[in-house]
Amino acid sequence: MTNLHPIHDRTVQRAERETANGHRAGVVWLTGLSGSGKSTIATAVERELFAAGHFVVLLDGDNVRTGLCADLGFSLEDREENIRRIAEVARLFVQAGAQVLCTFVSPTRQIRALARSIIGAEDFMEVYVNTPLATCEARDVKGLYAKARRGEIKGFTGIDSPYEAPEAPDLDLPTANQTVAESAQQLILALRAWNS
Ligand SMILES: Nc1ncnc2c1ncn2[C@@H]1O[C@H](COP(=O)(O)OP(=O)(O)OP(=O)(O)O)[C@@H](O)[C@H]1O
Ligand SMILES: [Mg+2]
């Protein structure tokens, strides 16, 4: 470690990039149960921000787990390492001026606190995709709840692994009473307020 010499002072600075992009950089961290709507909402938000000319990046659970974190499982320890790596990647993107949308179950307060501390509290907006377990299970987009109920998946969040709801999220999206467009719009408004 002592032989490393980061080149921070010579690179194009974050502030220069933010000025060029016309928006501030930061991370929007969506947490919620599987099937709560994280990816669906973030995809809609990404589309809209991209169309408005923003430098926006979406880091999504399933994509990351096929590559960067392919060696990790779903124990609490591996979930924590998964989030640590993602948060480090998100931080690099923030330095590069991006608005980063992160969509991970991130089930425990400790895991989300880790992400917040790596990214920096001032660049971290926590969004709780607040969908009751019963609704997520009824949607069962990926058929995972049925498998977890049959015991074919062990340690599934909400079934036999805990989900700790955020105590004070920056934004709460009650998707059971909203359309996808309404949830996305609420997030974009919160992002606009955060940016100004
Ligand atoms: N207001 C809403 N916001 C988001 N999704 C909604 C809403 N209403 C209904 N849905 C539906 O709920 C499902 C959410 O699935 P999605 O894959 O986005 O969940 P996820 O949180 O990303 O799950 P996972 O953690 O397994 O990746 C989609 O089929 C979506 O159409
Ligand atoms: Mg998803």
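Read the figures in this text as sums done on the coordinates, not as results from a lab. Note that the structure is a prediction, hence the values are computed from the model and not measured. Neighbour counts run over all protein chains shown; Cβ positions are idealised from the backbone, glycine included.
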Task: Separation of the Q110 and E88 label points, Cα + 7 Å toward Cβ, nm - done: 2.0 nm
- [ ] Tabulate in residue order the Karplus-calculated ³J(HN,Hα) for the stretch 103-109, using 6.51 cos²θ - 1.76 cosθ + 1.60 with θ = phi - 60°, rounded to whole Hz; enter x for Gly and Pro.
- [x] 10, 9, 3, 5, x, 10, 4
TODO: Work out, step by step, the length gained on full extension between E167 and S117: first 0.36 nm times the residue separation, then minus their alpha carbon distance; give nm to one decimal.
DONE: 16.3 nm
- [ ] Grab the beta carbon distance between H5 and R150, set R0 = 45 Å, and tell me the FRET efficiency rounded to 0.05.
- [x] 0.25
Open item on the list: With 10 angstrom as the radius, rank I41, I188 by how many other C-beta atoms surround their C-beta, starting from the fewest.
Closed with: I188, I41
- [ ] Convert each backbone phi in the stretch 114-127 into a coupling constant with the Karplus relation 6.51 cos²θ - 1.76 cosθ + 1.60 (shift: θ = phi - 60°), then list the ³J(HN,Hα) values in order as whole Hz, x for Gly and Pro.
- [x] 4, 4, 4, 6, 5, 6, x, 4, 6, 10, 10, 10, 8, 10
- [ ] Can you figure out the FRET efficiency of A70 with V141, using R₀ = 25 Å and their beta-carbon distance, to the nearest 0.05?
- [x] 0.70
Open item on the list: Defining a contact as two alpha carbons under 8 Å apart and six or more residues distant in sequence, what relative contact order in percent does the stretch 23-195 show?
Closed with: 35 percent
TODO: For the chain, report the convex hull volume of the alpha-carbon atoms normalised per residue, in Å³, without decimals.
DONE: 130 Å³
- [ ] Between A15 and S196, take the C-beta separation as r, use R0 = 22 Å, and let me know the FRET efficiency to the nearest 0.05.
- [x] 0.85
